[in-house]
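Working notes, structure below.
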Amino acid sequence: MFCPKCGKENSTEQKFCRACGLNLEKTAENLQEQLAISDVISPSKISKFFEKIGKIGFGGLIGAGLVGIFLIIISLFNKFIFSGQTDKIFLGVFLIIFFVCGILGLAYVIFQEYLKEKQKNSNLIMQKEFESKITAKLLEEKDFEPIPSITENSTELFLVENKTNKFQ
């Protein structure tokens, strides 16, 4: 370990620098903590990794869902509309419209929840910015006007007796 003040090399067991006398106990503790922390993956890196994995998984789920919806609509077309029977055509059109409206409604609900979460996050950010602007603002400097004292102009009103020294 090197002394932060003079740059002299010291061992980590020394309490004071041999050259300049600087207390090295806190420096040694900080060095030990930094070495221990650098060997461990930080929680923020882990959370970012899992956030990326979650986004990829959610994207894959949406893609698989869209393919599934497409396959269901195709099967409804094949089973009911392309069959040629009039009663099945109306039932097929009704089922397709019902299915598509259900999917659009679900997409609308998911989108609204996304907007609420985004709005909540932006409100937190705006609140932090607002608080930092308030605390960072200096107080306005006003002209200094001293507060008048009670005794400033009232000392003239006291009666003072003229005392003479009796021992003279």
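Under 15 Å from the Cβ of residue 26, count the other residues' Cβ atoms, weight Lys and Arg +1, Asp and Glu -1, and hand me the total. Net of charged neighbours comes to -2.
Charged neighbours of residue 16, selected by a Cβ distance under 15 Å, balance to +1 (K, R count +1; D, E count -1).
Find the all-direction average of the projected area of the Cα convex hull for the range 1-40, expressing the result in square nanometres with one decimal place.
On the way: hull surface 10.3 nm².
Averaging across all directions leaves 2.6 nm² for the Cα convex hull.
Does the range 43-134 come out rounded, prolate or oblate, given a ≥ b ≥ c as the square roots of the eigenvalues of its C-alpha gyration tensor, rounded meaning a/c under 1.5 and, failing that, prolate meaning a/b above b/c? Because a/c hits 1.5 or more and a/b fails to exceed b/c, the range 43-134 counts as oblate. Which residue, 89, 111, 123, has the largest displacement toward the positive end of the dipole of the range 43-134 when charges sit on each Cβ (Lys, Arg +1; Asp, Glu -1)? My answer, from the dipole projection, is 123.
Quick note: the coordinates plus some simple rules give every number you see, no bench work behind them. Bear in mind the structure is a predicted one, so any value in this text is a computation, not a measurement. Positions of Cβ are generated from backbone atoms using ideal geometry, with glycine treated the same way; all protein chains shown enter the neighbour counts.
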